[in-house]
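Here is the structure we will look at, set down as structure tokens.
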Amino acid sequence: MRNTLGDLNNHLFAQLERLSDEDLAGDKLTEEIERAKAVTSVANQIISNGSIVLQAQKFYTEYKSKDLQKPKMLEG
């Protein structure tokens, strides 16, 4: 499975659309709100991880030398 930040964006907008469903009420609305909280939590972790990778790449690019090895996470 290969996901991208674009896929994450699509999932977040899909979740927003589900929350915007005016026919959603009661227990179904409560379930969707809980699902949205879970999605948001995971999305925040993905975004944080992406930010760290970006910072590492910038650092690597700025300070690369023969002695500095690129982290494996940045290779893929």
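The values are calculated or read from the model by the stated rules, or taken from the named source; none is laboratory data. Being a predicted model, the structure only gives us computed values, none of them experimental. Positions of Cβ are generated from backbone atoms using ideal geometry, with glycine treated the same way; all protein chains shown enter the neighbour counts.
Only one residue in A25, A36 is out of contact with any Lys or Arg (no Cβ under 6 Å at 6 or more places or on another chain) and surrounded by 13 or more Cβ atoms within 10 Å (Cβ to Cβ), so which one is that?
Working: A25 fails: surrounded by 13 or more Cβ atoms within 10 Å (Cβ to Cβ).
Residue meeting the stated conditions: A36.
Hey, can you tell me all the residues within the range 1-56 that are closer than 30 Å to K72 by Cα and small (G, A, S)?
If the condition is that a residue be closer than 30 Å to K72 by Cα and small (G, A, S), then G6, A38, S41, A43, S48, G50, S51, A56 are the ones that fit.
Being at pLDDT 90 or above, surrounded by 10 or more Cβ atoms within 10 Å (Cβ to Cβ), among the small types (G, A, S) and assigned to a helix (DSSP H, G or I): is that true of A56 here?
Numbers: at pLDDT 90 or above: no; surrounded by 10 or more Cβ atoms within 10 Å (Cβ to Cβ): yes; among the small types (G, A, S): yes; assigned to a helix (DSSP H, G or I): yes.
When the stated conditions are applied, A56 does not pass them.
Starting from the range 10-36, keep only residues that are over 24 Å from I46 (Cα atoms), then list their pairs with residues that are of a type outside the set (V, I, T) whose Cβ atoms are within a distance under 8 Å, requiring at least 6 positions of separation or different chains.
Matching pairs, first to second residue: D21/E32; L24/R18; L24/E32.
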